[in-house]
């Protein structure tokens, strides 16, 4: 029986993951690969990854945003830096925490499902893994799922950021339009060119990680061995969490070095 550690610490598993990620990304960016069947698979993946979890995600994003905003406001008042509190909220909550928490939320909700679905297809022999996502049937089955999952993560992140920005305005200025000039000025200072580029790169990498890593690890399930599925799914999730944390750490190092 396989153990999750075999799919986490084996160098061969990581090399295969990186190779698959390169082929899958190239195939996902190619418009020629999206015929009617592929578009249907992508739409189904978006429905499962984004639309179906939207109510729970919005509730989580709203509650977490309100909690963090209140914590920042109270702390700013305590240390006498209230005039920096709005900028701190936008910088920490919107640019850093919302993308990270969205990626983790989707990973927990959909990462295991993607890995289990691909792993089950591998066990049944429905996928002929030739090592490249551009080969059939990998191209027809995996690439639309990867594109749909990546787009779902980006969409949910954008929506979560909008919710956080709206709640920040409501907490600081209530529902009156009087604070719009100052709020717009602070938003413009926080979301400058460099920050937006880093934010976009982070969202892209998070989306690709959530979409690719569970699928790539699912391909390692042994054909005809159903008992290999739990280890494959767990190994993919642990790899995904490592990747998300590594991406967040690398972006922070680049931004603040």
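Values quoted throughout were computed directly from the atomic coordinates according to the rules given, and no laboratory measurement underlies them. Fair warning: this is a prediction, and the values are worked out from it, not measured in the lab. Note: ideal-geometry Cβ built from the backbone for every residue, glycine included; neighbour counts use all protein chains shown.
Starting from the Cα gyration tensor of the stretch 142-250, take the square roots of the eigenvalues, sort them a ≥ b ≥ c, and report rounded, prolate or oblate (rounded when a/c is under 1.5, otherwise prolate if a/b is larger than b/c, else oblate).
Numbers: a/c = 3.40, a/b = 2.84, b/c = 1.20.
In terms of gyration-tensor shape, prolate.
Using R₀ = 45 Å, calculate the FRET efficiency as 1/(1 + (r/R₀)^6) where r is the Cβ-Cβ separation of residue 185 and residue 19; round to 0.05.
On the way: r = 47 Å, r/R0 = 1.05.
It comes out at approximately 0.40.
Here the sum of -39500 (n - 2.57) over DSSP H runs of 4 or more residues, divided by the residues of the chain, equals -24000 deg cm²/dmol at 222 nm, to the nearest 500. With coordinates expressed along the principal axes, the C-alpha atoms belonging to the stretch 4-251 extend over 63, 38, 31 Å, beginning with the largest.
A simple packing score, the average count of other Cβ atoms within 10 Å per residue, orders the peptides 87-96, 68-77 as 87-96, 68-77, with the highest score first. Of the peptides 221-227, 231-237, 174-180, the ranking by mean beta-carbon count within 10 Å, highest at the top, reads 231-237, 221-227, 174-180.
Taking packing as the residue-averaged number of other Cβ atoms within 10 angstrom, the listed peptides 206-213, 19-26 run from highest to lowest as 206-213, 19-26.
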